[in-house]
1. Those residues that are closer than 13 Å to Asn64 by Cβ and of a type in the set (D, E, K, R), I need them from region 134-155; list them, please.
2. Assuming Ser16 fulfils every condition listed in (1) of a type in the set (S, T, N, Q); (2) modelled with pLDDT of 70 or more; (3) under 26 Å from Gly127 (Cβ atoms) apart from one, which condition is it?
3. Go through region 93-138 residue by residue and tally those that are in contact with a strand residue (DSSP E or B) (Cβ under 6 Å, 6 or more places away or on another chain) and either in a loop (DSSP other than H, G, I, E, B) or surrounded by 19 or more Cβ atoms within 10 Å (Cβ to Cβ) (or both).
4. Can you name every residue in region 107-134 that is in contact (Cβ under 8 Å) with a residue 12 or more places away in the chain and over 17 Å from the mean Cα position of the chain (by Cα)?
5. Return a yes/no flag: does region 96-105 have any residue that is modelled with pLDDT of 65 or more, under 15 Å from the mean Cα position of the chain (by Cα) and either β-branched (Val, Ile, Thr) or farther than 24 Å from Ser142 by Cα (or both).
6. Give the residues of region 40-92 that are among the hydrophobic types (A, V, I, L, M, F, W, C), assigned to a helix (DSSP H, G or I), touching a Phe, Trp or Tyr at 6+ places or on another chain (Cβ under 7 Å) and modelled with pLDDT under 90, sorted by residue number.
Amino acid sequence: MQVLRQRSFRKTALRSFLWNPSKGDRNVDKLLPHWRPGLHRLGISIRLKGNGTSHSYFSASLFNREVSEFGAFPHSMDWKTHEVIDKQPPGADFWEWSGTKPEDYQPRVVESELEIFVEFYTFSEWGTDAIHYHYDRYEPGSYIPTSTTDRIIARGVGGTLI
């Protein structure tokens, strides 16, 4: 089993980054210009291997979000507050929606010859109750997302600050 060596670098008091020391990534300011860069810059997703099934792409989407917060300080982590949902949360009928409500909340993977799309919804109480829409695009055989979307489609009241 290959072990992925990683190191954590603290840029500010609330943010941290990962980089792969085996690639010689020493100038972190140039390597990581933004606090949450795409994982393709970190070299983590490159090492993911799957069997090409829908489940493996869905798992990669969850893993990529989870690992993007690896080594972060508590206030920098919000993915841990997300729960994948398959139906609308109770009381969401009275929330503020940014568009039309989805008819189906089931996670789905759509495969074509050129691209694979993963979409799912999560519920988070971070700051305010919210439903997030997640959408990732992959090339077949690759677990590096070519594009990633995370947007809030509904906001409620309440919530939790950690």
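The values are calculated or read from the model by the stated rules, or taken from the named source; none is laboratory data. This one's a predicted model, so the numbers in the text were calculated from it and none came from an experiment. Counting neighbours? That spans all protein chains shown, and the Cβs are built from the backbone with ideal geometry, glycine included.
1. So in region 134-155, the residues closer than 13 Å to Asn64 by Cβ come out as 134-138, 142-150.
Residues satisfying the conditions are Asp136, Arg137, Asp150.
2. It is condition (2) that Ser16 fails.
3. So the count comes out to 20.
4. Glu111, Glu113, Leu114, Glu115, Gly127, Thr128, Asp129
5. Step one: of region 96-105, the residues modelled with pLDDT of 65 or more are 96-105.
This time we only want the ones that are under 15 Å from the mean Cα position of the chain (by Cα), so: none.
Among the residues of region 96-105, not one is modelled with pLDDT of 65 or more, under 15 Å from the mean Cα position of the chain (by Cα) and either β-branched (Val, Ile, Thr) or farther than 24 Å from Ser142 by Cα (or both), which makes the answer no.
6. Passing the criteria: only Leu42.
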